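Notes follow once the structure below has been shown.
Just so you know, all these numbers are worked out from the coordinates, no wet-lab data involved. Predicted model, so just to flag it, every value in this text is computed and none were measured. Counting neighbours? That spans all protein chains shown, and the Cβs are built from the backbone with ideal geometry, glycine included.
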């Protein structure tokens with residue numbers, strides 16, 4: 001999909017190679033670009049690199065301070081989910097609330113008609129001529145999972161120039177265009193707002209306390225040992241449990257209401273399905289059962305599943321084959337081949 005020449009397009013610039021090349025590609029189409037850099041954290045580096053990039057492209061740049069909104073919508077959510085014994089997904093939350101939420105509201109007030117980003121995702125028309133999201137061509141970089149909570153109404157206003165490209169192609173364009181970005185900058189898979197030291201130290205600093213120690217138990221409730229606090233564990237975790245055994249233990253359930261962490265063996269991690277809430281559909285919401293591929297975490301290959309609406313934005317998901325480490329709090333996304341149908345928040349795994 002394309003934007004008309006002369007209409008104002010806001011491009012979110014992080015300073016990295018992806019958003020830089022996205023901006024360059026749109027500029028080649030003759031679009032009227034406005035760069036926006038989001039200031040999300042006090043520990044974020046100064047926007048010197050982004051300013052140099054905007055100057056190189058010859059486009060105006062606005063630095064938008066969203067630290068308060070990011071702290072409230074993403075960081076507080078992250079901390080509270082761990083305190084509830086759940087596994088949060090701050091990137092899914094941030095994309096919906098901040099990058100395509102507050103930023104979209106700002107650009108509308110500023111006269112923007114389109115929002116572009118460097119996400120690896122495709123925006124195409126479906127068989128009925130309606131805009132739809134599809135996986136990026138580069139499956140190693142595909143980021144459609146993180147956009148599963150975007151509102152359907154926003155799709156006609158979005159541009160994703162990198163959806164048809166591979167990372168290697170993007171790097172080559174940056175090099176050929178002489179863009180002032182670090183082409184060899186390593187890909188970060190860490191949570192952007194957590195400094196060195198890990199999330200447990202971050203939670204303690206944010207809350208001022210850590211949760212109370214409690215019991216490790218097995219699936220029958222038998223005592224296995226003591227844990228450091230439910231926020232220190234996630235479903236599927238094997239390392240750091242401190243319990244020697246002939247066969248490794250895994251975290252199979254977290255019960256903050258009783259301050260217990262349930263451990264079991266690898267086979268006990270398998271689940272035939274899940275329940276999810278807060279469904280966000282990028283298609284006409286189904287009224288009955290549908291079949292699709294369910295992706296239960298980033299990099300999960302997906303599994304065929306039956307999705308049955310339960311009312312109130314909830315769904316029951318039955319997997320074709322049992323899946324390991326279904327974690328409450330994580331996002332689940334649904335696909336028809338490469339098309340993203342929508343997603344919700346995992347509430348519980350079926351047993």
Working from Cα positions, state the angle (0 to 90°, nearest 10) between the long axis of helix 48-57 and the longest principal axis of the chain.
-> 40 degrees
If one compares the long axis through the Cα atoms of helix 17-28 with the longest principal axis of the Cα atoms of the chain, the angle in degrees, nearest 10, works out at 30 degrees
Angle in degrees between helix 167-177 and the longest Cα principal axis of the chain, rounded to the nearest 10 = 30 degrees
Answer label for mean projected area of the Cα convex hull in nm² (calculated), chosen among [x] 15.5; [y] 18.9; [z] 20.2 | [y]
For segment 8-65 and segment 92-153, write down the distance between their C-alpha centroids in whole Å.
-> 17 Å
What percent does the relative contact order of the chain come to when contacts are Cα pairs within less than 8 Å and at least six residues apart?
-> 16 percent
If you take every DSSP beta bridge whose two residues both sit in the chain, what share of them, in percent to the nearest 5, is antiparallel?
-> 70 percent
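Report for segment 8-177 the percent antiparallel among DSSP-assigned beta bridges with both residues inside it, nearest 5.
Values: 5 of 20 bridges.
Bridges in segment 8-177 are about 25 percent antiparallel.
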Note to self, the chain gives a 222 nm [θ] from helices alone (DSSP H runs n ≥ 4, -39500 (n - 2.57) apiece, / all residues, nearest 500) of -5000 deg cm²/dmol
Which order do 18, 76 fall in if you start with the one that has the fewest other Cβ atoms within 10 Å?
-> 76, 18
Fewest to most Cβ atoms within 10 Å: 345, 104 sort as 104, 345
Provide 320, 105, 73 in ascending order of the number of other Cβ atoms located within 10 Å of each residue's Cβ, fewest first.
-> 105, 320, 73
With a ≥ b ≥ c taken as the square roots of the eigenvalues of the C-alpha gyration tensor of segment 40-167, please select rounded if a/c is under 1.5 and otherwise prolate if a/b is larger than b/c or oblate if it is not?
-> oblate
